[in-house]
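The values are calculated or read from the model by the stated rules, or taken from the named source; none is laboratory data. Model, not experiment: these values are computed from the prediction. Don't worry about glycine lacking a Cβ; one is built from the backbone with ideal geometry, like all the others, and counts go over all protein chains shown. Just the protein is used for accessible areas: all its heavy atoms, side chains included, with ligands, DNA and RNA removed. Shrake-Rupley method; radii C 1.70, N 1.55, O 1.52, S 1.80 Å.
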Amino acid sequence: MERSEMLKSLSHDHHQALRVCQLMRRCDVQNASETRDAFVRFWQPHQIHIRIEEDVLFPKFAEFGGADHPMIERALAEHTDDGALARQVIESAEPPVETMHELAERLHDHVRFEERELFPEIERTVPESERAALLAALAHAETRADWQPGRQH
Ligand SMILES: [Fe+2]
Ligand SMILES: [Fe+2]
């Protein structure tokens with residue numbers, strides 16, 4: 001399905017995420033540490049993607065779809081759980097291959113869920129009259145210096 005203009009940039013991030021998942025799925029003991037490094041390079045800047053979803057996109061969707069929408073609850077729970085597993089990988093110089101395989105599966109499933117279920121639901125639910133403002137808010141969030149990784153602490 002053609003992605004709407006307002007969600008294109010986030011979808012682009014998802015493609016990058018899937019590429020990293022593919023690397024991690026294939027990783028073995030020989031390349032575990034370089035795969036971990038590639039994941040770290042992806043994950044740090046990816047924090048802004050998660051923040052944009054949680055602080056801009058999901059609240060706008062909640063205005064029309066309901067704050068307790070099960071898809072939002074699922075996405076937030078996965079952000080928390082996948083984030084915890086990602087931290088394990090990042091904090092270990094040589095994380096176990098099984099942990100990276102599990103992270104790859106979880107992240108892959110999360111991205112597929114957002115692309116195939118949540119984003120289409122958002123596109124159906126957010127009214128036409130709200131879309132330009134949402135697109136502007138998403139674009140603005142991407143450039144916020146205080147949301148850039150490394151400046152959050
Ligand atoms: Fe997400
Ligand atoms: Fe996402």
The stretch 89-108: number of residues that are touching a residue at least 12 places away in the same chain (Cβ under 8 Å), away from ligand 1 (no atom under 11 Å from the Cβ) and in a helix (DSSP H, G or I): 12
Residues located in the stretch 1-36, provided they are open to solvent by less than 30 Å² (accessible area, probe 1.4 Å) and more than 16 Å from ligand 2 (Cβ to nearest atom): M24, C27, A32, T35
Residue count for the stretch 118-140, restricted to those that are under 14 Å from P59 (Cα atoms), basic (K, R) and without any contact (Cβ under 8 Å) to a residue 60 or more places away in the chain: 0
Which numbered condition G66 misses (of (1) within 16 Å of the chain's Cα centre (by Cα); (2) within 26 Å of P127 (Cα to Cα)): (1)
The stretch 43-59 residues that are modelled with pLDDT of 95 or more, paired with ones that are open to solvent by less than 30 Å² (accessible area, probe 1.4 Å) and acidic (D, E) (beta carbon under 9 Å, 6 or more apart): E53/E114
Residue within the stretch 37-57 that is open to solvent by less than 20 Å² (accessible area, probe 1.4 Å), in contact with a Gly (Cβ under 8 Å, 6 or more places away or on another chain) and assigned to a helix (DSSP H, G or I) present: no
